[in-house]
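Have a look at this one.
The values are calculated or read from the model by the stated rules, or taken from the named source; none is laboratory data. The shown structure was predicted, so the numbers you read here are calculated from the model rather than taken from an experiment. Reconstructed Cβ throughout: ideal geometry from the backbone, glycine too, with neighbour counts over all protein chains shown.
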Amino acid sequence: MNYLIYDQNGKKQALLQNVTSIQWKPRYWESGSAEIHARPTDENVRYLVEHNRIVCQERNEILFIDYVQRSDQNADGDDLIIHGSLDNLGDRINTETLAITNVEEGLRKLVTNNQRGLDITLAPSKGLTAKVTRTETTWQTLRESFADFCQESGLGWREIVKDGQMNVLEIYEGKQAKNARFSDDLGNIASQEYTKDLSGYFNYIYVLGEENGASRTSVIIDARGEGEAAIEKYVDARDLQSTYEDDNGNEHTYSTEEYTALLNARGHQKYAEMLSKAFQFECELNEENRIAVLGRDYDLGDLVPVISKRFKVANLARITGLNIIEEQNTNTKITLELSIEKMEVLK
C-alpha cells in the first residue's frame, strides 16, 4: 500500500518512504491505530512529527501522529517509531448531557455540540435507523462515546479523506458481504485462532428497569441452548425511563408493550456483547488466494461466513478489525478480527 504524509493543516508534504514496517489496524466500532518504523532520513525526520498525519491511499484512512521515538544508539541510526490513532475524536470531551435515540443523528450532534475548533468535517447523514434509548453523560471523550454507542447499535465509524477533503467523519453500517467466504477448506485462510472464554458467560438474564411503585419493571430473557444449564445475569436498566422528551421538548410516555420491548432490547444487547467476547475467531489470510479481495468483495464492518474445518465451527461473523502488516522484503499479511454473530458446530 502507498502512504502520504500531510502536515497538521492538511497540506501534503511527502510520500512515505524508507519504511521497515507498518502495522495498520483499522477498527469498526472502536478507534483504529497504527505503528510505523521508518529509517531516520532527513525527509522522515522532518515530516514524521507529532500532529502530522499519514494517509493510506488505498483505504483513505488517516493516522494522526501522537507518538514519535528517536534514538541514536546504533552507529547507523535506529528506526523512527511512530504511533497514533486513526481518528482525532479523543481530542474533545462531551461537556453536556445529550439524550440519544437515533444513534447516527445523536453522534453527529455530539460532534457538533463539542467541536470547538476540532479539525473534522461531518459527512452527510446516511439515514441509518439504529436506535438506543439512553443518555450520554458529560466528560467522556467523543472517542469513548462513539465506541460505546456504536458497539451497542452495531454501527461503525471512520475518519477518512473523501472527495479531496481531509478528516471527514462517517458513521456507517457494514453490509452482508455476498461474494466473500473464508475457510481453510477453500485455501484462503493461512492460519486461524479460535478462543472460547466462558469466564463471563451467561444465558439467563434479569433486566430491571425503572422504579414502579414498590417494585421495578422487569423482564427475563432465557437464552439457554438445548440441555444447557442456567447461568444468570442481572442487568441494571434503570436509565431506561417510560417517559421521554422529543426534540421539541414535548413529553411522551411509552406504552407497557413499548417499554417492555426497550428492556428486552437492552438484555439482548448485553447478551450479544458478552458473546462477542466469549467466542472469538481470528484468521490470517492467504494473500495468494484471490477468492475474496479486501475492498472489492468485503471490508471492515461487513458480515461474512467463516468456516473452520479444523475447529469444526461455522460462523457468521462481523469483521470488527483489520490488521494489515507490511514488513520490509516480505509480503503483506492481513488478519481479520471477527465478532461471531451466529455459530454452528459442525459434525
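Mind checking which pairs have a first residue in the range 203-230 that is closer than 21 Å to Y254 by Cα and a second that is of a type in the set (V, I, T) and not in a strand (DSSP E or B), Cβ under 8 Å, 6 or more apart or different chains?
So the pair list comes out as T217/T260; V219/T260.
Pick out the one residue from Q140, Q151, Q115 that is polar (S, T, N, Q) and more than 18 Å from the chain's Cα centre (by Cα).
Q115
Could you please find all residues in the range 249-272 being touching a helix residue (DSSP H, G or I) at 6+ places or on another chain (Cβ under 8 Å) and either assigned to a helix (DSSP H, G or I) or within 13 Å of V219 (Cβ to Cβ) (or both)?
The one that is touching a helix residue (DSSP H, G or I) at 6+ places or on another chain (Cβ under 8 Å) and either assigned to a helix (DSSP H, G or I) or within 13 Å of V219 (Cβ to Cβ) (or both): Q269.
Here are E193, E228: which of them is part of a strand (DSSP E or B), surrounded by fewer than 15 Cβ atoms within 10 Å (Cβ to Cβ) and modelled with pLDDT of 90 or more?
Checking each option against the conditions leaves just E193.
Follow-up question, since we're still on this one. How do the pairs read when you match residues in the range 40-54 that are of a type in the set (V, I, T) with residues anywhere that are exposed (fewer than 15 other Cβ atoms within 10 Å of the Cβ), using Cβ under 8 Å and keeping only pairs 6 or more apart or on different chains?
T41/Q17; T41/N18; V45/R70
Residues that are among the polar types (S, T, N, Q), in a loop (DSSP other than H, G, I, E, B) and at pLDDT below 95: does the range 305-321 have at least one?
no
I100: among the hydrophobic types (A, V, I, L, M, F, W, C), touching a residue at least 40 places away in the same chain (Cβ under 8 Å) and over 19 Å from L142 (Cβ atoms), yes or no?
Spelling it out, it is not the case that I100 is among the hydrophobic types (A, V, I, L, M, F, W, C), touching a residue at least 40 places away in the same chain (Cβ under 8 Å) and over 19 Å from L142 (Cβ atoms).
Exactly one condition in (1) surrounded by fewer than 18 Cβ atoms within 10 Å (Cβ to Cβ); (2) out of contact with any Ser or Thr (no Cβ under 8 Å at 6 or more places or on another chain); (3) closer than 20 Å to E58 by Cα is not met by K126; state its number.
If we test K126 against (1) surrounded by fewer than 18 Cβ atoms within 10 Å (Cβ to Cβ); (2) out of contact with any Ser or Thr (no Cβ under 8 Å at 6 or more places or on another chain); (3) closer than 20 Å to E58 by Cα, just (3) comes out false.
Identify, from the list L275, L303, L294, the residue that is surrounded by 15 or more Cβ atoms within 10 Å (Cβ to Cβ) and more than 21 Å from D185 (Cβ to Cβ).
Only one candidate passes the filter, namely L275.
Then there's this: Restricting attention to the range 37-73, which residues are within 21 Å of the chain's Cα centre (by Cα), of a type in the set (A, V, I, L, M, F, W, C) and over 22 Å from G295 (Cα atoms)?
F64, I65, listed by residue number.
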